[in-house]
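Asker: Could you have a look at this structure, given as structure tokens, before my questions?
Every number here is computed from the coordinates shown, using simple stated rules; none is lab data. As the structure is a computational prediction, the values presented were derived from the model and not from experiment. No Cβ is skipped: glycine too gets one built from the backbone with ideal geometry, and neighbour counts run over all protein chains shown.
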Amino acid sequence: MASILFLFISFIFFISSLTAPTNPSSLYSSSHFSHAQKKTSHRMIKELNLHPNLEVNILKSNTASSDEDLEVSESELVEKRLSFPVLGDSGATIADLAHHAGYFRLQHTIDARMFYFFFESRKAKSDPVVIWLTGGPGCGSELALFYENGPFKLTNNLSLIWNDYGWDKVSNIIFVDQPTGTGFSYTSSDQDIRHDEHGVSNDLYNFLQAFFKAHPDYINNDFYITGESYAGHYIPAFAARVNQGNKNKEGIRINLKGLAIGNGLTNPGIQYQAYTDYALANNVISRSDYNQINQKLPACEQAIKQCGTTGTDICQLAYNFCQQIFEDIISLIDNINYYDIRKKCEGSLCYDFSNVEYLLSKSSVKTALGVPSNIDYVSCSDLVYRSMLNDWMRNLEVGIPALLEDKIQLLVYAGEYDLICNWLGNLRWVHAMSWSGQKEFVSASNVSFVVDGKEAGILWNHGPLTFVKVLNAGHMVPMDQPKASLKMLELWTTGKLVEPKKGAVAPL
Ligand SMILES: *[C@@H]1O[C@H](CO)[C@@H](O)[C@H](O)[C@H]1NC(C)=O
Ligand SMILES: *[C@@H]1O[C@H](CO)[C@@H](O)[C@H](O)[C@H]1NC(C)=O
């Protein structure tokens, strides 16, 4: 009885919040967002010690202002070769190691330009091409580039030093700032701001077409889509878009071999239910807190179901409902870092990524990258985050089975100490996914993922599907376990992450 009453009361709240204006032009006006939604996105950005000057990179009068700037109004893609001084030893075995930064003039937008870095492999041009997407939604991929898996890291005095475990050691890697308005990507029109995976995946697909046109040497390389956190939404949508483009023979055929989701949010209906289970199992909350917070689950589930079928403003209400479960947990755990429950947040800071903002706001650095001097670096865009709130609760797992049936590899990995996109919720959605190998995957026994003779993870596999629970890592696996994450990428992209089944008998 109590739960019925709860649902009913919630529903009134639901309806009364539905009165927000929904005409397109008001979607990004700040009045559209509730105070709570704004507080959440502001807080999340501040906890990383990021303080972008702008809410979003929308520049009403946009003109490149010097010869050094990459002027992209005419041609589709312009690129600049970089030559940053980097400390230490690259370990490169390649003679003409090349790094690039560029802008792509996005088609089907009023005026959007997507910024990217492209780092050729330190080992071989034939290595796979990998694209990395940082989440948020609304955070620039430079967070990963400089703190996780890029070719170099930032020292305290803002020098660059070679990263011994950069993913460019085994791949040609692209980092993009997206959706539009994030990082150095900019536009002059509100209408270019994206609200869903349809817009996001088309922009990424168009970028990829232009990228391979500009780099035809790489067209036949294996191609992998990777990323983290909210990219658990972007990656399946982007992979499906690429697969569809290939099938429809649109433009250049992309040699898509796989997608890897790190500590992602992919199937919220399952993942939001796992919060309290994960928190209880890790002694982050008590049994009575667990029971109390779980009372909010039916309303959250109900709202997610409705969002799944309508995909409208009801999704934002589902976000408000379900996010409350997460908020309740973190209100109980005081200053524990919800990206890594082993750690504490000091004051309002859970991480300090501020150096990336100092570096990328230097005019000498912007000039070297070809970024127009009037463009600010927006490390995380509050407005891009809030513009995606109708997308948040959608289930992006639905497009994955078709990819698996086409023998495209899926790697889902998660650092064991992350709460916000925890491994338990991720393993559950992977188990629940219906595809031809589901039964075998679910009944597969786990094996150790060993690096340097030590267990670095626990792995489940069947056919094209692999799950790795990464040990001693939080939300940002390549930051916490750089060597293991590089090894995982290398083995996965060369088909060696999983040992061939011993004793398998060929069918007669
Ligand atoms: C910056 O720090 C690095 C070590 O982290 C050091 O090797 C380098 O000399 C320093 N550069 C300057 C200009 O102080
Ligand atoms: C892995 O399998 C072993 C049995 O072989 C089991 O005891 C263990 O709990 C499993 N680990 C996980 C994380 O499921």
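Asker: Let's test the formula: R0 of 30 Å, r as the Cβ-Cβ distance of Ile333 and Gln302. What FRET efficiency results, to the nearest 0.05? Display every interim value, and only then the final one.
Answerer: On the way: r = 26 Å, r/R0 = 0.88.
Efficiency, from the Cβ-Cβ distance: 0.70.
Asker: Which far-off residues, 5 or more places away or on another chain, put their amide H under 5 Å from the one on Gly457, with H placed in the peptide plane?
Answerer: Amide H to amide H, under 5 Å and 5 or more residues apart or across chains, Gly457 pairs with Phe449, Leu471.
Asker: Each residue of region 163-169 in turn: what ³J(HN,Hα) in whole Hz from Karplus with 6.51, -1.76, 1.60 and θ = phi - 60°, glycine and Pro shown as x?
Answerer: Once θ is set to phi - 60°, the couplings for region 163-169 become 8, 4, 10, x, 5, 6, 6 Hz.
Asker: Let me ask you something else. Ranked highest first by the average count of other Cβ atoms within 10 Å around their residues, in what order do 325-336, 191-202 fall? Show your work: numbers first, answer last.
Answerer: Numbers: 325-336: 16.0, 191-202: 19.7.
By packing density, highest mean first, the sequence is 191-202, 325-336.
Asker: Can you return the aspartates and glutamates within cross-link range of Lys296? Criterion is Cα-Cα under 14 Å, with same-chain partners fewer than 8 residues away left out.
Answerer: Asp277, Glu327, Asp328
Asker: Then there is this: Sequence-distant or interchain residues sharing an amide H contact under 5 Å with Ile261, placed H: which?
Answerer: Leu411, Val412, Tyr413
Asker: What length, rounded to one decimal in nm, is gained on full extension from His35 through to Ser126, with 0.36 nm per residue of separation minus their alpha-carbon distance? Intermediate results must be reported in sequence, preceding the final value.
Answerer: Working: separation 91, 0.36 × 91 = 32.76 nm, distance 5.00 nm.
Difference between extended and current length: 27.8 nm.
Asker: For the chain, just say rounded, prolate or oblate: build the C-alpha gyration tensor, square-root its eigenvalues into a ≥ b ≥ c, call rounded for a/c under 1.5, and beyond that prolate if a/b exceeds b/c, oblate if not.
Answerer: Values: a/c = 1.45, a/b = 1.12, b/c = 1.29.
Because its axes are fairly even, with a/c under 1.5, the chain counts as rounded.
Asker: Assuming 0.36 nm per residue, please report the length gained on full extension of the stretch Ser354 to Ala432 beyond their Cα-Cα distance. Don't skip to the answer; put the middle values down first.
Answerer: Numbers: separation 78, 0.36 × 78 = 28.08 nm, distance 3.90 nm.
Going from the current span to full extension adds 24.2 nm.
Asker: Hydropathy at least -0.5 by Kyte-Doolittle, axial extent at least 15 angstrom from the Cα trace: which helices of the chain, defined as entire DSSP H runs, fit?
Answerer: Numbers: long enough: 2-17 (23 Å, 2.39); 35-46 (16 Å, -1.62); 197-214 (25 Å, -0.18); 231-247 (23 Å, -0.42); 268-281 (19 Å, -0.24); 297-310 (20 Å, -0.06); 314-332 (28 Å, 0.78); 482-493 (17 Å, -0.02).
Membrane-span-like by this rule: 2-17, 197-214, 231-247, 268-281, 297-310, 314-332, 482-493.
Asker: Let me ask something additional. Any of Lys362/Lys487; Lys249/Lys407; Lys249/Lys305; Lys39/Lys469; Lys169/Lys469; Lys407/Lys487 with alpha carbons more than 27 Å apart? Name them for me. Mind dumping the intermediate values first?
Answerer: Working: Lys362/Lys487 34 Å; Lys249/Lys407 18 Å; Lys249/Lys305 35 Å; Lys39/Lys469 32 Å; Lys169/Lys469 23 Å; Lys407/Lys487 22 Å.
Too far apart for the 27 Å limit: Lys362/Lys487; Lys249/Lys305; Lys39/Lys469.
Asker: Rank-order 147-160, 256-269, 429-442, 391-404 by packing density, defined as the average count of other C-beta atoms within 10 Å over each peptide's residues, highest first.
Answerer: The most tightly packed comes first, giving 256-269, 391-404, 147-160, 429-442.
Asker: Which of the aspartates and glutamates could a cross-linker span from Lys343 if the Cα-Cα distance has to be under 14 Å and same-chain partners fewer than 8 positions apart are dropped?
Answerer: Of all the aspartates and glutamates, those that pass the test against Lys343 - Cα under 14 Å, at least 8 places apart if same chain - are Glu47, Asp334, Asp352, Glu416, Asp418, Asp480.
Asker: From the phi angles alone, apply the Karplus equation (6.51, -1.76, 1.60; θ = phi - 60°) to region 85-98 and give each ³J(HN,Hα) in whole Hz, x where the residue is Gly or Pro.
Answerer: x, 10, 7, x, 10, 5, x, 5, 10, 10, 6, 10, 3, 10
Asker: Apply 1/(1 + (r/R0)^6) to the Cβ-Cβ distance of Asp217 and Lys60, taking R0 = 56 Å, and write down the FRET efficiency to the nearest 0.05.
Answerer: Efficiency computed from Cβ-Cβ geometry: 0.90.
Asker: With runs of 4+ DSSP H residues as the only contributors, calculate the mean residue ellipticity of the chain at 222 nm using -39,500 (n - 2.57) per run, divided by the residue total and rounded to the nearest 500.
Answerer: Mean residue ellipticity at 222 nm (helix-derived): -10500 deg cm²/dmol.
Asker: Report, by chain and number, residues whose modeled amide H sits under 5 Å from the one on Asp222, excluding near sequence neighbours (fewer than 5 apart, same chain).
Answerer: Under 5 Å from the amide H of Asp222 lie the amide H atoms of Val129, each far enough along the sequence or on another chain.
Asker: Whole-Hz Karplus ³J(HN,Hα) for region 447-455, in order, using 6.51 cos²θ - 1.76 cosθ + 1.60 and θ = phi - 60°, x for Gly and Pro?
Answerer: 10, 7, 9, 9, 10, 6, x, 10, 5
Asker: Specify whether the C-alpha gyration tensor of region 101-154 places it in the rounded, prolate or oblate class, a ≥ b ≥ c being the square roots of the eigenvalues: rounded for a/c under 1.5, otherwise prolate if a/b is larger than b/c and oblate if not. Provide the component values of the computation, followed by the final result.
Answerer: Numbers: a/c = 2.41, a/b = 1.41, b/c = 1.71.
In terms of gyration-tensor shape, oblate.
Asker: Something else: Determine the distance separating the Cα centre of region 254-291 from the Cα centre of region 190-226; give it in Å without decimals.
Answerer: Distance between centres, Cα-based: 28 Å.
Asker: Please report how far the C-alpha centroid of region 311-363 lies from that of region 465-485, rounded to the nearest whole angstrom.
Answerer: Cα centres, region 311-363 to region 465-485: 20 Å.
Asker: For a Förster distance of 25 Å, can you work out the FRET efficiency between the beta-carbons of Glu76 and Ala402, rounded to the nearest 0.05?
Answerer: 0.25
Asker: Now, a different point. Taking a Cβ-Cβ separation under 4.7 Å as the criterion for a possible partner, which cysteines of the chain have none?
Answerer: Cys421
Asker: Here's a follow-up. In nm, what is the difference between 0.36 nm times the number of residues separating Asn446 and Asn291 and their Cα-Cα distance? Show your work: numbers first, answer last.
Answerer: Numbers: separation 155, 0.36 × 155 = 55.80 nm, distance 3.05 nm.
Contour length minus Cα-Cα distance gives 52.7 nm.
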